[in-house]
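The values are calculated or read from the model by the stated rules, or taken from the named source; none is laboratory data. Please read all numbers here as calculations on a predicted model, not as lab measurements. Using ideal geometry, Cβ is built from the backbone for each residue, glycine included, and neighbour counts are taken over all protein chains shown.
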Amino acid sequence: MSLIGLVRLIRRTGRVAEAAPPLPEGSLGRPASLAGSVQVRHVDAGSCNGCEVEIAAAFGPVYDAERYGARLVASPRHADLVLVTGVVTRNMAQPLRRTVEATPRPRMVIAVGDCARNCGVFAGAYGVAGAVGDVVDVDLEVPGCPPEPDAIVRALRQVTGR
Amino acid sequence: MNIGAAILATVQVTAMVILSPILVGLMRQVRARMEGRVGAGVLQPWRDLRKLFAKESLQAQGTSWVMSLGPVVLVASSALVCVLVPLVGTVTFPLIPDDLFVMVSVLLIGTVALALIGLDSGSAFGGMGSSRHMTIAALVEPTVLVAVYALSIPVGSSSLSLIVDARLLDPASVASPVSLLALVALFIAVVAETGRMPVDNPSTHLELTMIHEAMVLESSGRDLAWLELGSWMRLGALLGLVGSLLVPWGIAGDVTPLTLLVGLLMLIVKLAVLGSALAAGEVFLAKLRLFRVPELLAGSFVLAFLAVTASYFVVQG
Amino acid sequence: MTLVLGGLLAQLALTCVAVAAAVFVVPKRRALVAGAAVVGIAMAGAVTGVFALSGGHGSLTVPMTLPLGPVVLAPDRLGGFFMVVAGLVGAVATLYGIGYVRGPAASRTSWSAMALFLLALQMVPAAADAVSFLLCWELMAVASTVLLLADHARRAPVRSAALWYAAMTHFSFVMLLLGFAVLAAAGDGTGFAAMARVPADSGAASVAFVLLIVGFASKAGIVPLHVWLPRAHPEAPSHVSAVMSAAMVKMGVYGALLVSIRLLPGGPAWWGLLLIALGAVSALYGILQASVATDLKRMLAYSTSENIGLMYLALGAGLLLRSYGVTEPADSAIAACLLLVVGHAAFKTTLFLGAGSILHATGERDLDRLGGLGARMPVTSAAFGIGALGAAALPITSGFVAEWALLQSLIHAPATQDRLVAVVMPVAVAVVALTAGLALMAFVKAYGIAFLARPRGEGAAAAHESGLGMRVAMGISASTVVVLGLAPGPVARAAAAAADLSGVGAVGWWGIDLFGIDALLDPVALTVLAVALAVPVVLVSARLARRQPRRRVDLTWGCGGVRLSPRMQYTATSYAEPLSRVFDDALRPERDVLVTHAGESRYLVERVQFQQNVGDIVETTAYRPGIRWMDRVGVLARHLQNGSIHRYLAYAFVALLAVLVVVSL
Amino acid sequence: MSASLFDQLISLSAGVLLLTSVLLVWKRSLIAAVRLLALQGAALAAMVAVIGVFESDLELLAVAGLVLLLKGFVLPFVLDRSRVRTGAVREETPLMNTTSSLLVLSLLTMLAYLVSQPWLALDPGPTTAAVPVGISLVLYGFLILTTRRHAISQLVGFLVLDNGIATVAFLTSGGVPFVVELGASLDVLLVVLILRVLGGRITDEFGGAYLDELTELRD
């Protein structure tokens, strides 16, 4: 696309982010130091990628989770929050533990989606090691198969408090 | 003279420590708005820093003191650059002229600290980032020094404050082709050196395309906070340098409360304008393939070189 | 008896003592006793140099049985400067050698050769006429060849390296002989004073200049005459490499200075251009090779080529500017050349001694197998790190000051108002800048790969710190790098005195002031400022560390991977890969990728093998054909000599007839 | 027009000429090349116009109009049409990579400044100070001609060369007679049109306009 075309597109599009819903009532025992700024590391422990699509949407322009101070990062060393999706498969159990261990404290773990909470439809399958809660300590769960971006954003806002 | 210079140095460093995260916040905000987002607000980098300072730092087995000392060195070198560059005023310590060559080498100390941090982590990512970072730093060097040469010819000195003062006296010289060529070359070098588009994508999550991020993947807590602050201060100081060379007006020639205030306000305006322009420009660019970066740098080198050649012949021809 | 004369005599006496000690002391104590005497020679040399530099006079005539006349030693200021450098380097390296030498490097021959080598290094800059100069030069060459050959029985590469070295050093000797012969004929005398009477714009002077510069450049390791350097330095014992690289190679620079500012001052502009061209090519090629090299000592050898290139470039710039009558920038450039000499001597000694310690502790020179030595060898790590900072020309080291002075003098060239200068100087600045950038890359690679992260090989994992003597020697040379970087003022004054430069001096006690071009640098003030800025950062860090201590974890982050092996780290080869791709045309690396497929499948790979070899393109394209040609000539010449006594008698007869015919004509 | 303003305007237009030709060597996009060429033509016309106004020479102003029309609009338009016809967007594989050609470029500039030194010494002034720019343009044109492989790039190189010659001519002789300029311009136009027709035909026949492939035509 040419430069001028892009300028036109930007001007035509304007703001796509939806108006921010009211701050959810969070009764979460979150660490005070995470207020306003939460870096998120996402771990796919064996998901069908449905939740990934929703997470991408949550951080996309429409829901714009970044405006509440949450940001996806590339390394758990930079993260405060581990966002886990999917059932934990046998091959991913150890990497998941390592990822949480590699995150500096204070840290939190959020299990996103039904699979992550209770194995969902995959419960009892041969390659499944268990739900996320069976492998690492989970602070917050987001139900849904897959959860709506709104739900994910709500959970993140409970942590950032914005 | 010494007291004035000390006051000015303090003002410049303090201003840059406070302003550079806000500058980065502003740049992210401009970008977010152009993408149709709301954005996290200009103060978000400061919130991130506050949080990082309160977090613990991890040290993996096999890593060494470089992991903890490197960030401090980076911040100190950035702070020294902030003193050496005429951002608010042109008053200098008599024994420490704000020599451009000295400034560049102080900047390189920070570059080396970052590269060593990348290598020390002992992961493939760190090494990769470090290797790319140093390759680019090596190739940027000719552009920077030849541009410095071009800027120094009219005043016969590589001292920044003399160059800025000369531009204040003769405003027409700012718009001369020689000066513009040198500034464009310098600007490309600044973009490459601070890891902005199109050389490096500061917001990438894909390890294989990273340069700067890959080196700091292993750092956490306050180490990461220092690294971020140091890199942002570099960006701020270099943009401020380009600003002072491009628009020298308002810069304090002596140290009084009024001149300092004017200088500070001008600095804020310059940084805001340049930062917004840079961020807006980045929206239109895609990251270059790593092996096409030398083309960009060769191009900027040619511009700097043309500036030198032309200035010789224009001045004396 | 003057002080200089006394110093010279003391050196000769100490050499006799050292050789006697090497021959007669039992092997167990040999290193200590002979080593102490050799340190004495070097220190005496340095002290003599100081006397000569401060204007002392003295002349020593050593009678010789050869029909060439006596050897006359009478160092002037410039010679004194180089005597100090060579003496200090020799002393530190020998101190290191006492603890370092093992096996053949500790033999009688080696210690005697070391004594003679250091003596020759003192006598070359002290020589007062061409014949003495050439004799000392030859002594230096022979002694260093013997030292290089120390380990020839066990390792074949040593023999090949020595052969290359001997060939190149004799090529250098022949060139010098011819050059001095031309000068002696034109000036009617072999003394330097007589030669200095030859007008610099005469044809003979130009011929002599080119011959002498070629001779000195080949000793100095200037591209394309550098081929012996990357072979000899890795194979010689490390303390010998240090002396060769930091002191002996500098004699090539001394020679160039001798010719261009003492014997034939005021030469035409093209002399300067020749030196700039040689220096620029050498600096760029040397540092490119250094940044892709994986053998640590080979890398240091190429870096020597680079640094000597910068010295030639600085000298060339000085000559070029002088020929246009612009004295101050010219003098600053020559001062930069001398600062580079001193700076390079300091950091290259440190680096070679550090490399020696690594070799000693791990048995490895290959960077790809090193790693994690920082924790195992803290002193070596610190010393090598400081040396690497110096080589990368970062503040506050000796390398930085020298490069700063060079750049300053280059950018003040516009005063000449000449188009040639206008074209040459930007190119020179660009070359120096690219060289500095690549040097940064090369030494970050060397230090980071060798000392940081985890060991890549068994040798590195089992490494241990070296002995006390070696550590002390490394400590001395590393602190010299920092001290020279902090206080370049005295060196600048010495340089100004040595080469009779105007516009170069010191500010305060330690700062350097190129007042001729209005540029000053006070590293101490800069350091104070830097420390003042770092203190708050450190305080905040310490406070945070008390509140939230560092937590140790097992693994570095590798995407949660379970099998993280040290082989997954970046190596020196992979570190330089982007660079070797960018400069593909200049380096022409040979790459082989061998893919073994699993069974019949095209998609399943069993094994991938990668091989890369970065050769020396100058050697393969310029030298190999020449060597092949000489081989063929040699084969033909064999027909002349077939062992038949009749044929030899016939040769003699033919020669007699020829002489008679010539006489009768 | 004051002398200093004249000075500034001449060096500004010379700077644009130089910058556009550097970018022409740098960029491989043919679309950008056509636009840059148009800009270059406009800069050349501006330079002629400035000289015309300064010397109050009506004929020169007419020449400036002609140059603007031809080099700023007609030639780029023709070039763009043939580019669209060949369907080419980028110069895919030049004979010399961009980095090397940029370095060669700086050497060529140096050479241009060196050889034009006698002119500068002879008659120092703002117009002669810009002569090296013209010579640089000639050299850049040759560089493009020798290193590019697409027929459109060849035309671009040819036009840069022509612009260089025109720049030198205007700067040194203080103007070319209108008739001569008219004739030269028409020649250039004719060459471009012929090449365009040829290139179009070749594309139709062979499906590409790379010069390497054209060598096969000999057989």
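Hey, D:Arg85 hits all of (1) among the basic types (Lys, Arg); (2) touching a Gly at 6+ places or on another chain (Cβ under 9 Å); (3) surrounded by 20 or more Cβ atoms within 10 Å (Cβ to Cβ) but one; which does it fall short on?
(3)
Is it the case that some residue within the stretch B:117-134 is within 7 Å of chain C (Cβ to nearest Cβ), crowded, with 24+ Cβ neighbours inside 10 Å and under 25 Å from B:Leu306 (Cβ atoms)?
No, the stretch B:117-134 contains no residue that is within 7 Å of chain C (Cβ to nearest Cβ), crowded, with 24+ Cβ neighbours inside 10 Å and under 25 Å from B:Leu306 (Cβ atoms).
So if I check each of B:Gly118, B:Gly89, B:Gly110, B:Gly122, which one is more than 25 Å from D:Gln8 (Cβ to Cβ), modelled with pLDDT under 85 and of a type outside the set (Asp, Glu)? Lay out the reasoning, then the answer.
Values: B:Gly118 fails: modelled with pLDDT under 85; B:Gly89 fails: modelled with pLDDT under 85; B:Gly110 fails: modelled with pLDDT under 85.
Within the list B:Gly118, B:Gly89, B:Gly110, B:Gly122, the selection yields B:Gly122.
Which number in (1) assigned to a helix (DSSP H, G or I); (2) surrounded by fewer than 22 Cβ atoms within 10 Å (Cβ to Cβ) marks the one condition that B:Leu139 misses?
Looking at each condition in turn, B:Leu139 falls short on (2).
Residue check: is C:Val432 of a type in the set (A, V, I, L, M), assigned to a helix (DSSP H, G or I), facing chain B (nearest Cβ under 8 Å) and closer than 16 Å to C:Ala290 by Cβ? Outline the logic, then answer.
Working: of a type in the set (A, V, I, L, M): yes; assigned to a helix (DSSP H, G or I): yes; facing chain B (nearest Cβ under 8 Å): yes; closer than 16 Å to C:Ala290 by Cβ: yes.
Yes, satisfied.
Just for the stretch D:103-117: of the residues that are more than 8 Å from every other protein chain (Cβ to nearest Cβ) and free of Cβ contacts under 8 Å to residues at least 24 places away in the same chain, which one is nearest to B:Ala298 (Cα to Cα)? Write out each step before concluding.
Of the residues in the stretch D:103-117, the ones more than 8 Å from every other protein chain (Cβ to nearest Cβ) are D:104, D:107-108, D:111-112, D:115-116.
Imposing the further condition that a residue be free of Cβ contacts under 8 Å to residues at least 24 places away in the same chain reduces the set to D:107, D:115-116.
Values: D:Leu107: 13, D:Val115: 24, D:Ser116: 25 Å.
Ranking the candidates gives D:Leu107 first.
Taking C:Ile396 as meeting all but one of (1) under 18 Å from C:Ser323 (Cα atoms); (2) β-branched (Val, Ile, Thr); (3) more than 8 Å from chain B (Cβ to nearest Cβ), write down the number of the exception.
In the conditions (1) under 18 Å from C:Ser323 (Cα atoms); (2) β-branched (Val, Ile, Thr); (3) more than 8 Å from chain B (Cβ to nearest Cβ), C:Ile396 misses (1) alone.
Looking at B:Val66, B:Val73, B:Val104, can you tell me which residue is over 20 Å from C:Ile449 (Cβ atoms) and either in contact (Cβ under 8 Å) with a residue 24 or more places away in the chain or surrounded by fewer than 24 Cβ atoms within 10 Å (Cβ to Cβ) (or both)?
Details: B:Val66 fails: over 20 Å from C:Ile449 (Cβ atoms); B:Val73 fails: over 20 Å from C:Ile449 (Cβ atoms).
After ruling out the rest, the residue left standing is B:Val104.
Taking C:Leu147 and the conditions (1) surrounded by fewer than 22 Cβ atoms within 10 Å (Cβ to Cβ); (2) under 19 Å from the mean Cα position of the chain (by Cα); (3) not aromatic (Phe, Trp, Tyr), which numbered condition does it fall short on, given that it satisfies the others?
Exception for C:Leu147: condition (1).
Quick test of your reading of the structure: D:Leu19 fulfils all but one of (1) surrounded by 18 or more Cβ atoms within 10 Å (Cβ to Cβ); (2) modelled with pLDDT of 80 or more; (3) in contact with a helix residue (DSSP H, G or I) (Cβ under 7 Å, 6 or more places away or on another chain). Name the failing condition by number.
(3)
What helices (runs of 4 or more DSSP H), lying completely within the stretch C:219-314, carry at least 3 residues that are small (Gly, Ala, Ser) and on the phi < 0 side of the Ramachandran plot? Break it down stepwise before answering.
Numbers: elements: C:229-235, C:238-243, C:250-257, C:269-292.
By residue number, C:238-243, C:250-257, C:269-292.
Just give me the residues in the stretch B:264-314 being among the basic types (Lys, Arg) and either buried (at least 19 other Cβ atoms within 10 Å of the Cβ) or away from chain C (no Cβ under 14 Å) (or both), in sequence order.
At the first step, the residues of the stretch B:264-314 found to be among the basic types (Lys, Arg) are B:270, B:287, B:289, B:292.
B:Lys270, B:Lys287 - these are the residues of the stretch B:264-314 that are among the basic types (Lys, Arg) and either buried (at least 19 other Cβ atoms within 10 Å of the Cβ) or away from chain C (no Cβ under 14 Å) (or both).
Could you grab the pairs with beta carbons closer than 9 Å, sequence gap of 6+ or different chains, first residue in the stretch B:202-222 and more than 7 Å from chain A (Cβ to nearest Cβ) and touching a residue at least 12 places away in the same chain (Cβ under 8 Å), second one surrounded by fewer than 24 Cβ atoms within 10 Å (Cβ to Cβ) and aromatic (Phe, Trp, Tyr)?
B:Arg222/B:Phe53
Condition check ((1) out of contact with any Gly (no Cβ under 8 Å at 6 or more places or on another chain); (2) at pLDDT 90 or above; (3) crowded, with 24+ Cβ neighbours inside 10 Å; (4) part of a helix (DSSP H, G or I)) across all residues:
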site	(1), (2), (3), (4)
C:Ala383	no, yes, yes, yes
C:Gly390	no, yes, yes, yes
C:Ala393	no, yes, yes, no
C:Gly437	yes, yes, yes, yes
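Mind telling me which of the residues C:Gly448, C:Gly485 ends up being of a type outside the set (A, V, I, L, M, F, W, C), surrounded by 24 or more Cβ atoms within 10 Å (Cβ to Cβ), facing chain B (nearest Cβ under 7 Å) and on the phi < 0 side of the Ramachandran plot? Reasoning before the result, please.
Numbers: C:Gly485 fails: facing chain B (nearest Cβ under 7 Å).
One residue alone meets the criteria, C:Gly448.
So which residues in the stretch C:188-241 are surrounded by 24 or more Cβ atoms within 10 Å (Cβ to Cβ) and of a type in the set (Val, Ile, Thr)?
C:Ile213, C:Ile222, C:Val223, C:Val240
Out of the stretch B:166-189, which residues are surrounded by fewer than 23 Cβ atoms within 10 Å (Cβ to Cβ), away from chain D (no Cβ under 14 Å) and aliphatic (A, V, I, L, M)?
Hits for the stretch B:166-189 are B:Ala166, B:Leu168, B:Leu169.
Please specify each residue of the stretch C:77-97 satisfying the condition of being of a type outside the set (Gly, Ala, Ser) and either at pLDDT below 90 or closer than 13 Å to C:Ala242 by Cβ (or both). Working first, answer last.
Here is the first cut: in the stretch C:77-97, the residues of a type outside the set (Gly, Ala, Ser) are C:77-78, C:81-85, C:88-89, C:92, C:94-96.
Hits for the stretch C:77-97 are C:Val85, C:Leu88, C:Val89, C:Val92, C:Thr94, C:Leu95, C:Tyr96.
Does B:Phe93 count as closer than 26 Å to C:Leu440 by Cβ and facing chain C (nearest Cβ under 9 Å)?
On the way: closer than 26 Å to C:Leu440 by Cβ: no; facing chain C (nearest Cβ under 9 Å): yes.
So B:Phe93 fails the test.
Exactly one of (1) of a type in the set (Val, Ile, Thr); (2) over 27 Å from the mean Cα position of the chain (by Cα); (3) within 30 Å of C:Gly266 (Cα to Cα) is unmet by C:Thr527. Its number?
Result: C:Thr527 fails condition (3) only.
Do the conditions hold for C:Gly560, that is, is it outside any helix (DSSP H, G or I), under 31 Å from the mean Cα position of the chain (by Cα) and more than 7 Å from chain B (Cβ to nearest Cβ)?
Working: outside any helix (DSSP H, G or I): yes; under 31 Å from the mean Cα position of the chain (by Cα): no; more than 7 Å from chain B (Cβ to nearest Cβ): yes.
Criteria not met by C:Gly560.
Looking at the stretch C:354-369, I want the residues that are outside any helix (DSSP H, G or I) and have a partner that is polar (S, T, N, Q) and surrounded by 20 or more Cβ atoms within 10 Å (Cβ to Cβ) with Cβ atoms under 7 Å, at least 6 apart or on another chain. Which pairs are those?
C:Asp366/C:Thr294
Collect the residues in the stretch C:412-429 that are within 9 Å of chain B (Cβ to nearest Cβ) and within 25 Å of C:His344 (Cα to Cα), keeping them in residue-number order.
Correct list: C:His412, C:Met425, C:Pro426, C:Val427, C:Val429.
On the given criteria, is D:Val22 part of a helix (DSSP H, G or I), β-branched (Val, Ile, Thr), within 14 Å of chain B (Cβ to nearest Cβ) and touching a residue at least 24 places away in the same chain (Cβ under 8 Å)? Give the derivation first.
Working: part of a helix (DSSP H, G or I): yes; β-branched (Val, Ile, Thr): yes; within 14 Å of chain B (Cβ to nearest Cβ): yes; touching a residue at least 24 places away in the same chain (Cβ under 8 Å): yes.
When the stated conditions are applied, D:Val22 passes them.
Could you please let me know if C:Ser144 is among the polar types (S, T, N, Q), touching a residue at least 40 places away in the same chain (Cβ under 8 Å) and either under 26 Å from C:Ala232 (Cα atoms) or touching a Leu at 6+ places or on another chain (Cβ under 7 Å) (or both)?
Values: among the polar types (S, T, N, Q): yes; touching a residue at least 40 places away in the same chain (Cβ under 8 Å): yes; either under 26 Å from C:Ala232 (Cα atoms) or touching a Leu at 6+ places or on another chain (Cβ under 7 Å) (or both): yes.
Yes.
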